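Working notes for the structure below.
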Amino acid sequence: MVAVLALVYQSHRTGRSWRDIIRGSSVPKDGQWPSTSILPPREKISFLNSQPIGQPLTDDTPDPRITNVGAVDLDQDGLLDVILCDALEHRISWIRQHPPGIFATEIVCAPKESPIPAPAHVEAVDFDRDGDLDLLVASLGKLTPSNEKIGSVVILENDGAMHFSKRVVSQGLMRVADVRAGDLDGDGDYDLAVAMFGAFNGGTSWLENLGDWTFVEHVLQSLSGPINCPVIDIEGDGDLDIALLVSQEHEEIHLFINDGGGHFEPKLIWGATNEDFGSAHLRPVDLDGDGDIDLLYTNGDAWDYYPAEPRPWHGVHWLENQGNLQFTMHRLVTFGGPYSALPMDVDRDGDLDVVATSMFNDWELPSAQSIIWLENNGRMQFARRDVTNTPTHIQTAAAGDFNGDGLTDFVTGGVYTDPPHDRRARVQLWTNLWSGPPGPEQDEKDRSDESD
């Protein structure tokens, strides 16, 4: 009886099925993922132009803490803009592109007299379906881990003229690291998936939209450390599921499978045996172009160490969707401190490469890179190309075609909490200037490696 009660407790706490708990050894151990995706490193290719955008960074400016950036045409004028979370200033800002190619204007979206404490994620969505884009915000309350119930979910409602009213739709939560919108119960309005990091306590819920800005919470699981909760149709059955990345000592990736009416079945799809694995970010994408949704995953967190420095197990991974909710983990590269990994066709050859950024690397070494490019050879094998070591401490990135030339650019944001701080940037735009043929020529050694 005690064993059954223990299973019930663990199932409720983790969101795992009894079978998954009993068969814990079936969860892949660190290093057991296939390594056939990795090709030898290749030479650096300069294909980017970099420029700071938005609020200027001067020698007297405090160290930036840009926890999230997004690429979206917020004012719907045909030009891609940047939205961002500034955890130092406790605000959400909009860097408007106007006129084309100029990103000098940064506008605070929340009322200045009503800050949003330590915002962690912002998403643009027409939440009230009135034709303009509102801003959905996850508020931690404070940047450092805490068990205080100081988190909140905020919607900045757009009046159509780019004036935003602050609506706190849920508060008194554990620190909210992520919130995403989607019609989770199939009734035609937007509900919310919420990841609450907390510290020793946390959890994951979905907020059912009852209308008139009223919501009711449904608890999915009570693990601490949730970071990302993207809303996706992982099964391709027409309803929206939730993917979840849980860090802390758990280091797991979960799915919550929707029956179409807002009832979710939890499934653990991957877990590390290393409690310090450093889960950092999870991004859904059809990386191999086979029509289903895969997951791009980084583990580069080093907040638990002082000084915060790269670990030998840090890297970028691809969870390949095999169908029937089965996933195979592929390690794409070993890389110090990665946080963001962007799927983008850098070289116009028709497949998705990956651009990865580092938050925690050995910044005293000139060879320590803050951005790398993982070049896809078209067979889902990736070769690392170094891009730059400046700026350092890049926590967040978002991709988009900012200048309308058909090439994918990206924007980054920096969080500076640990030294050195000699190569800082607040928000940086990286314009893709690729001018060569689609896909650089490969030498005979690479061709041999690909055929193995």
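With a 1.4 Å probe and all protein chains left in place, how much accessible area per residue does region 256-320 have, in Å²?
Each residue of region 256-320 exposes 38 Å² on average to a 1.4 Å probe.
I need the phi-derived Karplus couplings for region 333-341: 6.51 cos²θ - 1.76 cosθ + 1.60, θ = phi - 60°, integer Hz, Gly and Pro marked x.
6, 8, 8, x, x, x, 10, 8, 9
Using Cα pairs under 8 angstrom and six or more residues apart, how large is the relative contact order of region 68-204, in percent?
Computed over region 68-204, the figure is 17 percent.
Just tell me which aspartates and glutamates come within less than 16 Å, Cα to Cα, of Lys112; anything on the same chain fewer than 8 places away is out.
Straight-distance partners of Lys112: Asp86, Glu89, Glu157.
Could you give me the ³J(HN,Hα) list for region 269-286, computed from phi with Karplus coefficients 6.51, -1.76, 1.60 and θ = phi - 60°, whole Hz, x at Gly and Pro?
Those phi angles translate into 10, 6, x, 8, 8, 8, 5, 10, 4, x, 3, 10, 7, 9, 10, x, 6, 7 Hz.
Which of the listed residues, Thr392, Val346, Asn361, is farthest toward the dipole's positive end in region 310-414, when Lys, Arg count +1 and Asp, Glu count -1 at the beta-carbon?
Value computed over the given set: Asn361.
In the chain, what percent of the accessible surface is made up of carbon and sulfur (1.4 Å probe, ligands and nucleic acids excluded)?
The C+S portion of the solvent-accessible surface of the chain is 49 percent.
The values are calculated or read from the model by the stated rules, or taken from the named source; none is laboratory data. Since the structure is predicted, the reported quantities are computational estimates derived from the model, not experimental observations. FYI the Cβ positions are ideal-geometry reconstructions off the backbone, even for glycines, and counts take in every protein chain you see. The area values use the complete protein model at the heavy-atom level, side chains included, leaving out ligands, DNA and RNA. Shrake-Rupley method; radii C 1.70, N 1.55, O 1.52, S 1.80 Å.
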